[in-house]
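The values are calculated or read from the model by the stated rules, or taken from the named source; none is laboratory data. Source: prediction; values computed, not measured. Cβ coordinates were reconstructed from backbone atoms using ideal geometry, including for glycine residues, and neighbour counts include every protein chain displayed.
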Amino acid sequence: MPKFLHTADWQIGRTFSTWEPEAAHQLTQARFAAVQRIAQLASEHAVDAVLVAGDVFDAQTVPDKTIRRLFQALEGFGGLWIMISGNHDAALAQSVWTRARKLECVPPNVHLLLTPEVACFDGFAVLPAPLTQRHCFDDVTAWMDSASTPAGLLRIGLAHGSVQGLLHEGIDSPNPIHPQRAALAHLDWLALGDWHGMQLLDAHTAYSGTPEADRLHGNDPGHALLVEIAAPGATPQVQVLDVGQYRWQRLQAHLQLESDWDALLSTLSALDAHDVVQLRVQGSLSWAQQQRLQAALDRAEAQACALQVERSGLRLLPSDEELAALHVDGYVGEVLTQLRQESAAHTDDVLLQDALALLTQTLWQQQEGA
Ligand SMILES: [Mn+2]
């Protein structure tokens, strides 16, 4: 039975400049590793072809070395690789693809389908809809409806863009695709790219999503699809394969009760080298609690691939004991006591909280310096 591995949005050469350099480097490298795992899976499952639905490269300007490395990463599968261009690597007159050909680094088993023409292989025909500009405003899959293919061959569509009316937010580009394209063009499978989460749209149409997460969208990235089709017109059998290694998570913690602390500390202690985390932490903390939090964050930062902490919702609210330990009297002591009382009474008054934090910290520093 013909079998395909459907993948897309490798975004090779992507840089992660909003993350610290060490993590950014690992995340860039992880995208090659994902391609190597796809090659391994393709071999294990002995597929007829790997279908790559665009955005192989993240940018036209990736270095030559990156182009060479991508094609070297395919070595683990000696069968067919069938690729189209997406919006990030559109098949312009001068593109990352023309450079790849000039570098002579595209292996003979890799088919770059950069024009919308039927390509026939053993048992199946591919109808490619490569993007030739970053933004196309017409549906470049429309030609598939009237494209004829030899009888007896499966019809496999390959496209990159947004299926109209189905995806609402965060889609990468305009590039519209008719929601009934598979039915209209009698496609056995329409392999889509652009949406980075895996999404099965109907029995014959899916986004595989990116094989390695690259954003905090939480839309189920990290997979490839194994698609088996018994014969033209048969319903495909689809299996979701796990590929990605990194878990991108957006976490929130509001520290009020001891149970909030327990939850956060256990989440942090469970992080490992595959976690990429953005944590938003809020609450009014005593000096001792702030130290406790910082110690836990320092440990977690070393465990995780990357940990970014958003602290603008944190307030320092020294305890009575901590204030007493400052031993301030006179006018400053009175101000401190008053600020402490007012802050406790008006916990949402940011100005009061900041004033108390500033005064306390200054006094602390003076004491430590003394
Ligand atoms: Mn795209």
Can you tell which of 219, 175 is in contact with a Cys (Cβ under 7 Å, 6 or more places away or on another chain), within 15 Å of the ligand (Cβ to nearest atom), in the same structural domain as residue 48 (by TED's automatic domain parsing) and not hydroxyl-bearing (Ser, Thr, Tyr)? 175
Residue in the range 120-143 that is out of contact with any Leu (no Cβ under 7 Å at 6 or more places or on another chain), within 30 Å of residue 23 (Cα to Cα), of a type outside the set (Lys, Arg) and assigned to a loop (DSSP other than H, G, I, E, B) present: no
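A quick yes/no check of all residues on (1) more than 16 Å from the ligand (Cβ to nearest atom); (2) touching a residue at least 40 places away in the same chain (Cβ under 8 Å); (3) not assigned by TED's automatic domain parsing to the domain that holds residue 158:
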{"position": "71", "(1), (2), (3)": "yes, no, no"}
{"position": "76", "(1), (2), (3)": "yes, yes, no"}
{"position": "79", "(1), (2), (3)": "yes, no, no"}
{"position": "82", "(1), (2), (3)": "yes, yes, no"}
{"position": "86", "(1), (2), (3)": "no, yes, no"}
{"position": "91", "(1), (2), (3)": "no, yes, no"}
{"position": "94", "(1), (2), (3)": "yes, no, no"}
{"position": "97", "(1), (2), (3)": "no, no, no"}
{"position": "110", "(1), (2), (3)": "yes, no, no"}
Considering only residues that are away from the ligand (no atom under 16 Å from the Cβ), within 21 Å of residue 75 (Cα to Cα) and either among the hydrophobic types (A, V, I, L, M, F, W, C) or not in a strand (DSSP E or B) (or both), which ones fall in the range 1-26? 4, 5
The range 189-233, residues that are assigned to a strand (DSSP E or B), touching a residue at least 60 places away in the same chain (Cβ under 8 Å) and within 12 Å of residue 244 (Cβ to Cβ): 224
When you look at residue 118, is it in contact with a helix residue (DSSP H, G or I) (Cβ under 8 Å, 6 or more places away or on another chain) and either among the hydrophobic types (A, V, I, L, M, F, W, C) or within 16 Å of the ligand (Cβ to nearest atom) (or both), yes or no? no
Is it the case that some residue within the range 43-56 is within 16 Å of the ligand (Cβ to nearest atom) and either more than 23 Å from residue 189 (Cβ to Cβ) or of a type in the set (S, T, N, Q) (or both)? no
